[in-house]
Amino acid sequence: MGVLRTNSESLPAAEPGGRVSQSTFYSRTRRRIGYWAILIGLIPGAAIMFIPFFWMYISSFKTPKEILQPSITWLPKTFYTAGYVETWQEATILQGYGNSLLIAGVTTILAVFTSAVCGYVFAKKEFAGKNLLFIFVLSTIMVPFFMLFIPSFVLYFKLGLKNTYLGLILPGVFTPFGILITRQFLHSVPNELLDAARADGAGDIRILWHIIIPLSRSVLSAIAILSFLGTFNDFLWPLVMIDDRHMFTLPLVLRLITGRQATREDQVLAAAVMSITPILIFFIIFQRHIIRGIALTGLKG
Amino acid sequence: MFNWDLLSEAIFVGGDNFVKMWKDKLFLNGLKISFIFIGIEVPAILALEILFAVLFSKLGRFSQKVYLTIFFMPVITPWLVVIMMWGFIFYPNVGLLSGFGQLFGLDIVSPLAFRDTALYAMIVMTIWKFVGFGTVIFLVGINEVPAVQYEAAIIDGAGPWAQFRHITLPLIRPILLGMSIVSFIGALQIFEPFFIMTRGGPIDATRTFSLYLYQQAFDQLRFGYSSAMAFFMFILLLGISVIQLVVVRSRWEY
């Protein structure tokens, strides 16, 4: 799978003469056994990772009574969907989804754009104070979130951005990490290419749009994925910024449902399933890109 | 450094907030809880991540893909859903965990109900959520190791452990360093499970530093005090990161 290649096939299997020698044969058999041992040995680990998901899906079709039975039942006795119907009718989930998608979508587009522009400028342009400015950007990576949490809250509060979409979008628009990895990547783009484009009369905007962005697609898509997941799943910042129920993001809606006075277990499970299913489908479709993107940024960082 | 509730004017109180911190039992308790959490969670998750990465690197293309997908699912799942799922696992008497306990004749009530176990339950849940992330990163690092090195080692008669100790580990050292700092800071900032699941209880046993910081600011409206705590932690983290950097560099330099 792309970058995540394995080493297992790289041992030479045959002697130069084409005949499989005795010792290679034994080591190959041993590798085979080792391979299967690992494959099977990992099953319990995978089961632990997977069972909570499986149980959540199965139980969301159980009656509230059956969910709270002392003994584990794997398959529901009756196919019960009232939890889904009721949660759906309340429509807060859908609204939460809409809000989260809007915020995460806009943030992601802007974050990718700023990363591309700033990465390009830092990698290929010369101006006074560039290094100082870059060190300044870098230093913001080092500052952990909770340090900035209260000052930023106070700032946004004073700017009147509480209960606005803008207040949720702005913090994610500039990602120093994104700027850093785009810059590192663009260093490897030869200057001659840009000079040639400039000789053909392309301005900075055209260079950015037709050369820089297409070339750094892999890096930018990694930034997009991380930025989207981060914004979509964020809880703490929306929690303090938003009190208006119509603007609740998905995590806040979920908290509303779990935190209710008389919690209905079937509704909780239905809400969990409804909120996670699109994310999981998205992940399974783009699994290769997402994992590669994470790996890419991990190695750089 | 101010006494400030956001609505009135801030009053400058100098270093008072920093002095107050050391007399605040809940703050000290929060520090303690956070460091117990980090002290167990970070080494455990790093060890598991490396273990799974090594095992995954031996798999074939398809099986690796399947396992990676499964291990990565919790990473992309929002904390809120993770908390819901694990809420049912830890449910008193009828949860999955007590159900499994019954299979073996054990009577497990709920780990969240006791001061001794609640924090460990949180640690297990956190590891479950994040182990896939580091596994992917270590796996890439391990795959960067040239196969020739292993072949040479096998010819020299090195077993799996020796291969790991003398080839893999030294070569993934930079990633280990990065991941240990990232996990450390990440573990300190974990907030949702404590805020929603345990609410700091039972009896402050899971009132971590980050939860206390939030509660001081947004429940008690002591923004100045809360900022002082954040600033203190920042300085502490900076120090720890520098030490980590120095220790890892010096111990493993060849």
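The values are calculated or read from the model by the stated rules, or taken from the named source; none is laboratory data. Remember, predicted model here, so these are calculated numbers, not experimental data. When we count neighbours, we look across all protein chains shown, and the Cβ atoms used for this are built from the backbone with ideal geometry, even at glycine. With ligands, DNA and RNA removed, areas are computed over all heavy atoms of the protein, side chains included. Shrake-Rupley method; radii C 1.70, N 1.55, O 1.52, S 1.80 Å.
Around A:A196, under 15 Å between beta carbons, what's the net of Lys plus Arg minus Asp minus Glu among the other residues?
Around A:A196, the surrounding residues sum to -1.
For the stretch A:98-186, what is the accessible area per residue in Å², given a 1.4 Å probe and the full set of protein chains?
48 Å²
If the only charges are +1 at each Lys and Arg Cβ and -1 at each Asp and Glu Cβ, what is the size of the charge dipole of chain A around the Cα centre, to the nearest 20 debye?
In debye, rounded to 20, chain A gives about 700.
Assign one of three labels to chain A, namely rounded, prolate or oblate, based on the Cα gyration tensor with a ≥ b ≥ c the square roots of its eigenvalues; rounded applies when a/c is under 1.5, prolate when it is not and a/b is larger than b/c, and oblate otherwise.
oblate
Modelled label-to-label distance, B:V242 and A:K65, 7 Å Cα→beta-carbon offset: nm?
6.6 nm
Taking R0 as 45 Å, what's the FRET efficiency between A:L155 and B:R61 from their Cβ-Cβ distance, rounded to 0.05?
FRET efficiency, A:L155 to B:R61: 0.35.
Rounded to the nearest 500, what is the 222 nm mean residue ellipticity of chain A from helices alone, with -39500 (n - 2.57) per DSSP H run of 4+ residues and division by all residues?
Calculated at 222 nm, the ellipticity per residue is -21500 deg cm²/dmol.
If we count GluC sites (Glu not before Pro) as exposed when they sit in a DSSP loop and have at most 16 other beta carbons within 10 Å, what is the longest stretch of chain B that avoids them all?
After excluding every exposed loop site, the longest remaining stretch is B:10-252.
Using 0.36 nm times the number of residues separating A:F282 and A:R198, minus their current alpha carbon distance, what extension gain do you get?
In short, 26.3 nm is gained.
Along Cα→Cβ, 7 Å out, is where each label goes; now give me the distance between the ones at A:S218 and B:R199 in nm to one decimal.
Each label point is offset 7 Å from its Cα along the Cβ direction, giving 5.0 nm.
Work out the length of the dipole vector of the protein assembly as shown about its Cα centre, built from +1 on the beta-carbon of each Lys and Arg and -1 on the beta-carbon of each Asp and Glu, and round it to the nearest 20 debye.
820 debye
Leaving out ligands, DNA and RNA, and with a 1.4 Å probe, what % of the accessible surface on the protein assembly as shown is carbon or sulfur?
68 percent
Filter the cross-link list A:K65/B:K129; A:K124/B:K129; A:K124/A:K158 down to pairs whose alpha-carbon distance in this structure exceeds 31 Å.
In this structure, A:K124/B:K129; A:K124/A:K158 lie more than 31 Å apart at Cα.
Among A:M274, A:F54, B:I142, which residue has its Cα positioned farthest towards the positive end of the charge dipole of the protein assembly as shown, with +1 placed on the Cβ of Lys and Arg, -1 on the Cβ of Asp and Glu, and the dipole taken about the Cα centre?
Sorting the options by dipole projection puts first B:I142.
What does the charge count near A:N233 come to, summing +1 for each Lys or Arg and -1 for each Asp or Glu among other residues with Cβ under 12 Å from its Cβ?
Around A:N233, the surrounding residues sum to -1.
Any idea what the dipole of the stretch B:130-246 comes to, in debye rounded to 20, about its Cα centre with Lys/Arg Cβ at +1 and Asp/Glu Cβ at -1?
Its charge dipole is roughly 300 debye.
Over the Cα atoms of the stretch B:141-254, how large are the radius of gyration and the largest Cα-Cα distance (Dmax), in Å?
According to the Cα coordinates of the stretch B:141-254, Rg and Dmax are 21.1, 66 Å.
Provide the FRET efficiency to the nearest 0.05 for the A:L94-B:I155 pair, computing r from the beta carbons and using R0 = 56 Å.
Calculated value: 0.35.
Accessible area lost on pairing A with B, both sides, 1.4 Å probe, Å² to nearest 100?
Counting protein atoms only, the buried area is about 6700 Å².
Could you compute the FRET efficiency for A:N163 and A:I33, with r as their C-beta to C-beta distance and R0 at 60 Å, rounded to 0.05?
Using R0 = 60 Å, I get an efficiency of 0.45.
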